[in-house]
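**Q** Below: one structure in structure tokens.
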Amino acid sequence: MNDEQPNAPTPATKMHVENFHLHYGDFHALKSVTLAIPAQTITALIGPSGCGKSTLLRSLNRMNDMIPGVTVTGQVKIDGDDVYGPRVDVEQLRRRIGMVFQRPNPFPLSVFENVAYGPRLHGRHTRAALAQTVEEGLHGVGLWELLRDRLDEDAMDLPAEQQQRLCIARALATRPEVLLMDEPCSALDPIATRRIETLMRELVQHYTIVIVTHNMQQAQRVSQSAGFMLMGELVEFGETAGLFAESQDQRTADYVAGRFG
């Protein structure tokens, strides 16, 4: 009798980055980055400050386009579609690839209008449709029971952790396929961080998530794949457990062991 368990199926690739370079003017910020981001998993990008991990994250939905002097070469694809193709509608692209930033940044609007903002922008205008979207969004991030009777309150008055959850609900309201999260817990205390991490584990059942984190313990807790970046290069990429326990590159081993960074 064979007691060996069958291998788990390999996740499909949701996004693929191939030989990607990015310059800020004369500064070469990303150098020949290649990686495959698995679907419906959490991928963590780690590395010291200034290594390029946030720049790479922002490249996935072309947020860097808004910075003067940025030039790119290489490819970024989502389900085979070229993110940087000449006919890409960037607004539609960012519906497919949403983003949550380092610090909670709710709009100076009500709780309701924060979640309804994206759907309203993209053509959903009836109060009934928006109300359903807001309820679904707040349910999805565990805020509905807390805020169902406070939808008209100013979102800026919420505690930081609830603000970050609201920002995640706002990002999900446009029904993206990929959610980018840039240091989503850096402004939160340990209890709030744990709640956001729990939320990530729930959301990954429906979304592909890519996070940037300085917290190596967080990367190990929540991600299935991880990439270590250094000076604009993706030094190593693979399953999180393997990258931390059996690094293939000495620079990765030194970083995860805390010998620099």
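Each value in this text was obtained by applying a stated rule to the coordinates, not by laboratory testing. None of these values were measured; they are calculated from a predicted model. Here Cβ is always computed from backbone atoms with ideal geometry, including for glycine, and neighbour counts include all displayed protein chains.
**Q** Can you give the net charge of the other residues whose Cβ lies under 14 Å from the Cβ of Val83, counting K and R as +1 and D and E as -1?
**A** My count for the surroundings of Val83 gives 0.
**Q** Now for a different question. Which shape class, rounded, prolate or oblate, goes with the stretch 79-212 when its Cα gyration tensor gives a ≥ b ≥ c as root eigenvalues, a/c under 1.5 marks rounded, and past that a/b bigger than b/c marks prolate?
**A** Verdict is oblate for the stretch 79-212.
**Q** Cβ under 12 Å from Ala39's Cβ, Ala39 left aside: what net charge do those residues give with Lys, Arg +1 and Asp, Glu -1?
**A** After counting each charged neighbour, the total is -1.
**Q** Summarise the long-distance tail of P(r) for the stretch 150-261 by giving the % of C-alpha pairs beyond 21 Å.
**A** Considering the stretch 150-261, 44 percent of its Cα-Cα pairs are separated by more than 21 Å.
**Q** Of all beta bridges DSSP finds with both residues in the chain, what is the antiparallel percent, to the nearest 5?
**A** 60 percent
**Q** How do the peptides 170-178, 12-20, 71-79 rank, highest first, by the average count of neighbouring beta carbon atoms within 10 Å per residue?
**A** 170-178, 12-20, 71-79
**Q** How much net charge surrounds Gly98 when only other residues with a Cβ under 11 Å from its Cβ are counted (Lys, Arg +1; Asp, Glu -1)?
**A** +4
**Q** If a/c stays under 1.5 just call it rounded; otherwise compare a/b with b/c (prolate if a/b is bigger, oblate if not). Do that for the stretch 1-128, with a ≥ b ≥ c from the square roots of the Cα gyration tensor eigenvalues.
**A** Note, shape of the stretch 1-128 comes out oblate.
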